[in-house]
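To keep things clear, I will list the structure first and then write my remarks on it.
Read-outs: derived from the displayed coordinates by stated rules, not from any lab. Given the structure is predicted, the values throughout are model-derived calculations rather than measurements. When we count neighbours, we look across all protein chains shown, and the Cβ atoms used for this are built from the backbone with ideal geometry, even at glycine.
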Amino acid sequence: MAASLITSLLSRGTSLLRSIKASVLAPNSSSSSSCNNKSEEERRAFKEDLERLMRTLERIRATLYDAEEREIRDCSVKLWLKELKRAAHSAEDVLSEYRYEAARAQVEAKIAHAHQSDSHKRKHALMEEHTVPIPDGMVGRLNAIRREFDEIAKAHDTYQLSESDGVIYPNNKILQPKAIDEKSIFGRAAEVTEVIDLLLSEDDEYFSVVSIIGIGGLGKTTIAKKVYHDERVRECFDLFGWVYVSEELNVEKMINETIEWFTGQNCGLSELSPLQEELAELVGDKNIFLVLDDVWNEDKHLWESFQVPFSNAKRVRVLVTTRTEKVAEVMMATACLKPNNLPEDQCWKLFCLHAFGNADYNVPAHKEEMGRKIIKKCGGLPLAVKSIAIALSLRHEEDLESWTEILESDLWESDSSNDVFQALESNYARLPAYLKPCFLLCSMFPKDYEIPKENLIELWISHGYVNVKSTEKRKIREVGEQYYDELRERSFIDCSFGTEQCKLQNVIHDFARLVSEEHWSVEINQMCDIQHVKVLEEVYHLSVRGFTGYVNRVPNINLKCFRTLSMDLRGCKEVTEHQYCINSPENYSDCWANTIVYNLAKFEALRVLELKGNHLRAIPDSIYRLKHLCHLRITSDHLEMLPPSIGLLYNLQTFILDCWLSPLQLTESIGYLINLQYLSIKCARLKYLPRSIGLLTNLLRLIVKCDKLEVPSGIGELSSLEELTIDAKLEGAYLDSIGCLKRLEELCIGTPAELPFVLGKCLKLKTLQMSGCDVIYNPFGIKNFPAMCNMCACLRVSTLAWLKSMTHLEGVLIIEGLQNTTNLEDAQNADLRSKGKIHTLDLCWHNNRTHRHFGGLAIQHQELTIRLIRETGEGIPIGGDTDVNVGLLECLQPHSHLKKLFIEGYPSALLPGWIGDPLSLQAIHEIKLTACHNLQSFPFGNLDTLKHVQVHRCSGTRFLPLEQLPSQLETLQISWCEKLESITGLWNKKMLARLEVAHCKALKSITMDEPCTRDGRRNTSSLKELFIKDCLVLDALPAELVQPGPRDVSVQDLMQ
């Protein structure tokens, strides 16, 4: 936590130093010579103190990794870090205040500039541009902070902190995989069976890896032990080994231990090459099963060195337990298992076994109630359940105080959780320094609270936890998403219910609270007591959920230390009844929630403020005093106004208004938020954006959702804008100004009207999503988008040549109206073979489809629909000319990585050669043919990756020999083929799991046509689902298809 805080402080200090060196600091009041000299002295002193502070911070940062490793168990180091964080917060306040003054000077200069005459503007432009006053007393405050850091730095020797890169390398230990008591394992039978099936499956790979991934204490090693000792596994392999790896993947040590397992003795070698030769000779022509337990290292080259000797083996199966998905990826795991948390009923059995000695123990009712509440706190983590149960078993049978103690406290307040604590402490110690504060901030929210992904990333950014190196080209949100994914992969956050939101498991939440005492959430549903007040005096981040009774002490709390305040009072009965108005204290009850909101100005150090309430009507004018505020979110359906003073929040970077039913209109002072980077407004009754929005030259993201919106004239002046989303009916004369946004990368527009504006200058555009509009031919210089990746739109065009430059296009590409093509050269110029990220290609020879683009911006598909039209005088379309259409389809050959191919209305009887060529379609997974009335054959037999085939309304097809389809086919659907008479060759489809035939009224037979085996038996079908409907002349089915077996059979409307 401290390491990330100091890193952020160093980054901001460096930026500020550059600003100071490039600027002229003006006096506060007078322009006299004496004042100027004083200002120059202050400037020099401020700069020198800041430089000395930066040097001290660099020295401190080098030892923070060692300090944070010892923080949890060493109280003195924990106190030192607490002092360091307090001083760092004070330093950050000073830097933030200077940034505020710099922004204020810039805004005031712009206002003055706007009221001056042209000649006066030119005369004073340069002078005003760099005028930044230094606040009174700031030099003294910085000097005091610098001295405080000097004292803190002297503690290095006292605590003997060593310089470290944050990577911990403990000594390896050899873990013996002793046989385990089957009676002590609950709820893992399905996982064990799945792993065994994966290990013993018949495949062509001589070497394969199966990974078990999950957080410490989940039972990964237990599953591996059961697999290791299973009789089925023992029968299939010749040599068995178990190596405990941990962080340090020492190849020589691992090979030595593997040899020792296989031979029972130490080989006495230490060099890599002799060790590899020894192991290679040992495993020659043998079946090998090896468990690598607790793997952390992500170095692919080390893993490859360990794998080399096994090339002599007949078959090798490796089972890996790890806590990160990255390890499984590096080890090229062929399959991964992520065990779920143990179900509550299985946790209860495990608890009873270790607490009472019997899984089926008849627990007294009063203890059962407390015991079940205790296991809920364990979050389905077997190790936590077991540890607490063992501790309780050592207490006296009638000792109910121990049960109550654990139930009412965090798991870590008792020595009973040592094993769980060590498992999670080990996980946390190995987190990169930049992830630790991100993880700990999650504990600010209540247990089981589902945190939206985007909101969480914005909070990290606002607190400076997300750092982008100057050499990186990635955006800060992309880095934030990487942090989120890393925490998910390491199992610190639970995303099992959806990747767009997360929560902490209860046991991990308790651990995070122990590690960081500065985060606190209060779920208030009863009278607040003095304990809450005491706790609030010691935290920086506060989350309030629910509603409370009356509290008079809250205004007396030291509110100046808070950095985050998140209040969610939606749906609270008391709030609904009072319908409070922030600006009217006389309307208040004396409740805590209202008291806090009314005293917002006292939260002087606040960086993040989130207010969510059903009846929040206004925001106090005093909000302008929150000079450090970076993130503001307001959610209310009754917000009537924003105070003009909100424009004085010069440090604000994120502003989110979620007020869908509110009669809200925005104040013009929003244009003064010159550091604003993200503005999101969701308000159905919003009519217009303020004209001053064009002053937000640092704005990167603008999202507006309303019923109808008049586009302001200043929108084209948002020179930094990268993402623009407007989900509304657009009006106004300034739509064309959107085309002036040269840095725009993502544009999402929802409107029922055609778009008249030109986007030809938006050369960096990567994403274009348009819903509810059918755009005319070449509406926005579309050929000028070489960076385009994602398009969700329906375009009417007369040519395909503009697709040539879009080499990065990905997702679904639909081309309709191919009968209107006037020459093959145009199709050839589209160059679909160069677009390797198009995974689905849909080609259609008519214009009669309806699409999902008409219905708002809820559609998230990367789906581009192109409707070819023929303009007057452009030539003769190819129409139904069969020979020319074969050539046309030849010209539209896609990239070999295509996964899905749909063809509709194709008029020719032959398909071009690339459709049946396995080199041209190396990854094809699904083919669908619709209304190809002249098609007679389906030459897909050589496409080994093809799994699914659909033939629909192909009225010219009379015979369907399945020998034309690949043997690996899994599903086959045939419908409305009115002339189809027979389907033959089912015997050859060993993998076919589903066969569906419907509305084929001329179909007379479906036959296996299979040869008999040597002993005269007939081959049986692999079908699991058979669906036959409305085939009126089909008189019988092969016995193999309808005989009793493990399949679902549905037969309707056949010949009686």
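Does anything in segment 640-677 have its amide N under 19 Å from the 7 Å Cα→Cβ label point of Thr697, and if so which residues? Under 19 Å, as judged by backbone N against the label point of Thr697, lie 648-653, 669-677 of segment 640-677. Take the Cβ atoms of Ile111 and Glu604, set R0 to 41 Å, and the FRET efficiency comes out at 0.95.
Between Glu194 and Thr807, the modelled labels are 4.2 nm apart [label points 7 Å from Cα along Cα→Cβ]. Summing charges over neighbours of Met991, with a neighbour being any other residue whose Cβ is under 9 Å away from its Cβ, gives +2 when K and R count +1 and D and E count -1. Under 19 Å of direct C-alpha separation, and excluding same-chain neighbours fewer than eight residues apart, Lys110 reaches these lysines: Lys121, Lys123. Here, segment 890-1019 is characterised by an Rg to Rh ratio of 0.98, where Rg is the alpha-carbon radius of gyration and Rh the Kirkwood radius.
With R₀ set to 30 Å, the beta-carbon distance separating Gln482 from Gln950 gives a calculated FRET efficiency near 0.15.
As a proxy for reagent exposure, Thr258, Thr499 were ordered by neighbouring Cβ count within 10 angstrom, fewest first; the result is Thr499, Thr258.
Which pairs break 22 Å Cα to Cα here: Lys220/Lys377; Lys682/Lys729; Lys475/Lys682; Lys764/Lys835; Lys979/Lys1024? It would help to have the intermediate numbers written out before the result.
On the way: Lys220/Lys377 20 Å; Lys682/Lys729 14 Å; Lys475/Lys682 24 Å; Lys764/Lys835 18 Å; Lys979/Lys1024 27 Å.
In this structure, Lys475/Lys682; Lys979/Lys1024 exceed 22 Å between Cα atoms.
In plain terms, the residue of Met788, Met370 with the fewest other Cβ atoms within 10 Å comes first and the most crowded comes last, giving Met370, Met788. For Lys560, the lysines whose Cα comes closer than 25 Å to its Cα, not counting residues fewer than 8 places off in the same chain, are Lys78, Lys82, Lys85, Lys436, Lys534, Lys602, Lys612, Lys627. What net charge do the residues around Asp727 carry, taking every other residue with its C-beta under 12 Å from that of Asp727, with Lys and Arg at +1 and Asp and Glu at -1? Here the charged neighbours net out to +3. Rounded to the nearest 0.05, what FRET efficiency do Gln968 and Glu41 give with R0 = 60 Å and r taken as the Cβ-Cβ distance? Could you check? Rounded to the nearest 0.05, the efficiency is 0.15.
Residue exposure proxy: Trp296, Trp845, Trp403, ordered by other Cβ atoms within 10 angstrom of their Cβ from fewest to most, comes out as Trp296, Trp403, Trp845.
Based on the convex hull around the alpha carbon atoms, segment 619-740 presents an average projected area of 6.3 nm². Loop-resident trypsin sites (Lys or Arg not before Pro) (DSSP state other than H, G, I, E or B) in segment 312-348 with no more than 13 further Cβ atoms inside 10 Å of their Cβ: Lys314.
Provide the net charge surrounding Ala103, with neighbours chosen by a C-beta distance below 12 Å and charges set as Lys +1, Arg +1, Asp -1, Glu -1. Walk me through the intermediate numbers first.
Working: positive: Arg99, Arg104, Lys110, Lys627; negative: Glu97, Glu101, Glu108.
That works out to +1.
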